[in-house]
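Novice: Handing you a structure now.
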Amino acid sequence: MPKKDGLVCQHLEHIDVSAFEDYQHIIRAYVRRKGGVYALYRRNKLYYIGLASDLERRLGAHLKDGHKQKWDSFSVYLTGNDQHLKELESLMLRVILPTPKGNKQSGKFATSENLRSGFKRDVNEYKNGEIRKLFGLAPKQSKQAKSTVDSFLAQYVQRTGKSLQLRTVYKGKTYRAFVQKDGTVRFKNKKYRSPSAAGKAVNHRACNGWAFWRYQSAPGQWVRLSNLRSS
């Protein structure tokens, strides 16, 4: 069975800073013209995380710049390509808490969708539905909310000057729909008053259309439709 290519192709961990003086030629041979992520430590505690397309130059610079004498050992992780290098650094900075002292900013993702607000809303909707079910009440219907949804989508489409394409994957199959200028959603040549109604036409049960459908926020990046309301 062929071996899969990994993100990290080589690594060298927890090496004392004195190696830059004693074995500089060896270390440089390992990292010369190679990119990846590196970590600086002080007394076995993480001090700084960084990335570089030229690790030899970056590590050498940290022996002279503002980080000088603030770290006493290092690790390097060489990657085969740098396509997702920035994302990898951001991921590490967000996972590690607290943020290392040497890093001034926490990691940021370029296009990742933050699910926190959507998760909070979906939990509240589910809990409210369960309470109404417990007391024998019909599912809550809000005509005012429906009107707001239609108005928001209509204004968005009119402002951009073109219909908004939606996409979702349900049971392994991709479905597409389009938001029209009047805010309605066209799916399979039928018009629906809201994304939720169009979503129900796909899965045949009530759903939150703002979470069900996705739109293209950037080339190749499909995110929840609810992101439009928070952008």
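The values are calculated or read from the model by the stated rules, or taken from the named source; none is laboratory data. All figures in this text were calculated on a predicted structure; none of them were measured in a lab. No Cβ is skipped: glycine too gets one built from the backbone with ideal geometry, and neighbour counts run over all protein chains shown.
Novice: Within the stretch 185-212, how many residues are closer than 16 Å to TYR156 by Cα, modelled with pLDDT of 90 or more and not aliphatic (A, V, I, L, M)? Working first, answer last.
Specialist: Initial filter on the stretch 185-212 (closer than 16 Å to TYR156 by Cα): 185-186, 193-195, 210.
Still in the running and modelled with pLDDT of 90 or more: 185-186, 195.
Now drop any that are not not aliphatic (A, V, I, L, M), which leaves 186, 195.
Count: 2.
Novice: Among the residues of the stretch 106-119, is any outside any loop (DSSP other than H, G, I, E, B), under 24 Å from the mean Cα position of the chain (by Cα) and at pLDDT 75 or above?
Specialist: Kept after step one, since they are outside any loop (DSSP other than H, G, I, E, B), are these residues of the stretch 106-119: 116-119.
Among the residues that remain, those that are also under 24 Å from the mean Cα position of the chain (by Cα) are: 116-119.
From the residues that got through so far, the ones that are at pLDDT 75 or above too are 119.
Yes; the residues of the stretch 106-119 include at least one that is outside any loop (DSSP other than H, G, I, E, B), under 24 Å from the mean Cα position of the chain (by Cα) and at pLDDT 75 or above.
Novice: Same structure, new question: Report, ordered by the first and then the second residue, all pairs with beta carbons closer than 7 Å, sequence separation of six or more or different chains, a first member in the stretch 5-20 that is of a type in the set (Val, Ile, Thr), and a second member that is assigned to a strand (DSSP E or B).
Specialist: VAL8/TYR77; VAL8/LEU78; VAL8/THR79; ILE15/SER73; ILE15/PHE74; VAL17/SER73; VAL17/PHE74
Novice: In this structure, is TRP222 of a type in the set (Phe, Trp, Tyr) and either within 23 Å of TYR126 (Cβ to Cβ) or free of Cβ contacts under 8 Å to residues at least 12 places away in the same chain (or both)?
Specialist: On the way: of a type in the set (Phe, Trp, Tyr): yes; either within 23 Å of TYR126 (Cβ to Cβ) or free of Cβ contacts under 8 Å to residues at least 12 places away in the same chain (or both): no.
No, not satisfied.
Novice: Go through (1) in a helix (DSSP H, G or I); (2) modelled with pLDDT under 70 and name the single condition GLU130 misses.
Specialist: (2)
Novice: Something else: List, please: which pairs have Cβ atoms under 9 Å, are six or more places apart or on different chains, and start with a residue in the stretch 172-197 that is not assigned by TED's automatic domain parsing to the domain that holds ALA211 and surrounded by fewer than 19 Cβ atoms within 10 Å (Cβ to Cβ) and end with one that is assigned to a loop (DSSP other than H, G, I, E, B) and among the charged types (D, E, K, R)?
Specialist: Sorted first by the residue in the stretch 172-197, then by its partner, the list stays empty.
Novice: Residue check, VAL76 against (1) at pLDDT 85 or above; (2) more than 14 Å from ASP16 (Cα to Cα), all met but one. Which one?
Specialist: Result: VAL76 passes all but (2).
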